[in-house]
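First the structure, in the form of C-alpha cells, and then the observations on it.
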Amino acid sequence: MGWLYMRSLEGHATPKAYLDAQFTYDRHTGRSRVLASSVFGRRTYYAAVEWISAGTEVREVWGLVCLVRHNPRDREGLVFGYKDMSESMGPCESDCPARILDLLTATDNTNALAWRERCRSGLALRAGRAAKPTPKPGDVVVLAEPLLFRDGRTFSRFEVVSLPGRKRGGLVYRSELGGLYRIPKLKDRVYLIERKAGRSHA
C-alpha cells in the first residue's frame, strides 16, 4: 500500500494514538484491535494487532509496521502521512520491541518469520552493545584487533580524551604516538577498558 496523507490527526494527540485508533475497529468480517504499539525513532510505528474472525472466532495476532511522517508545519497542510505494511510483506524496518513480538501468534509465513528473526537478532545485538562498558576520559581502550586508519597507521591501544569545546559524547582517542583519532562503532568491536583505578573491564 502507498502513502496516505491527511491534514490533521483527527483529534488524536499523537501519530501513535491516531494509528492505534485506525487499526482498532469492528467489521462484519471480524474485529481488529491494537494490543500494544510503539514508535521507534519518531519515524516507524510497530504494533501487535489482534484479529478475530466473525463467526469462527479464530484469533490471530500479527505484526504491523507503519512508516510515519509528521510535520505540523507542512507548507501544503499535509501534516501527517503513513505507509502501513504487515509483517508478511517482510518490511525492511526491524526494530520492533520485544514486548510486541511476544504477543504475536504462531505463523508459517516465511516473510513474517524472517522479519521476526531479524527483529530478535537486532534486539540481541543492541543488548550486547548496551552491556559493554563505556569509555571515559582518562581510560585506556585496548582493541582485540588493531585498527587501520586513513593515515596508514595501525593501533590497538588508545587513551580516551575529551577536548574542550566538544559536545557531549565527543570523545577522541590518543594513540601511543600521540595522534588523535576517532574509533567508529566502538561498541561493535571487541575491546577492554583499563580504568584509572587499574581495573580492567571486557
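The values are calculated or read from the model by the stated rules, or taken from the named source; none is laboratory data. This one's a predicted model, so the numbers in the text were calculated from it and none came from an experiment. Quick reminder, even Gly has a Cβ in these numbers, built from the backbone with ideal geometry, and neighbours come from all protein chains shown.
Below, the figures for the structure above:
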item: Residues that are over 24 Å from residue 80 (Cβ atoms) and part of a loop (DSSP other than H, G, I, E, B), drawn from segment 27-61; result: 28, 29, 54, 55, 56, 57, 58
item: Residue that is in contact with a Phe, Trp or Tyr (Cβ under 6 Å, 6 or more places away or on another chain), of a type in the set (A, V, I, L, M) and at pLDDT below 95, where the choices are 163, 143; result: 143
item: Any hit, segment 79-86, residues being under 25 Å from residue 123 (Cβ atoms) and small (Gly, Ala, Ser); result: yes
item: Flag if residue 125 is closer than 30 Å to residue 61 by Cβ, modelled with pLDDT of 95 or more and within 19 Å of the chain's Cα centre (by Cα); result: no
item: Set 86, 94, 37, 32: member being in contact (Cβ under 8 Å) with a residue 60 or more places away in the chain, in the same structural domain as residue 116 (by TED's automatic domain parsing) and surrounded by 15 or more Cβ atoms within 10 Å (Cβ to Cβ); result: 37
item: Checklist (1) in contact with a Phe, Trp or Tyr (Cβ under 7 Å, 6 or more places away or on another chain); (2) of a type in the set (Asp, Glu); (3) within 17 Å of residue 186 (Cα to Cα) applied to residue 95, failing item; result: (3)
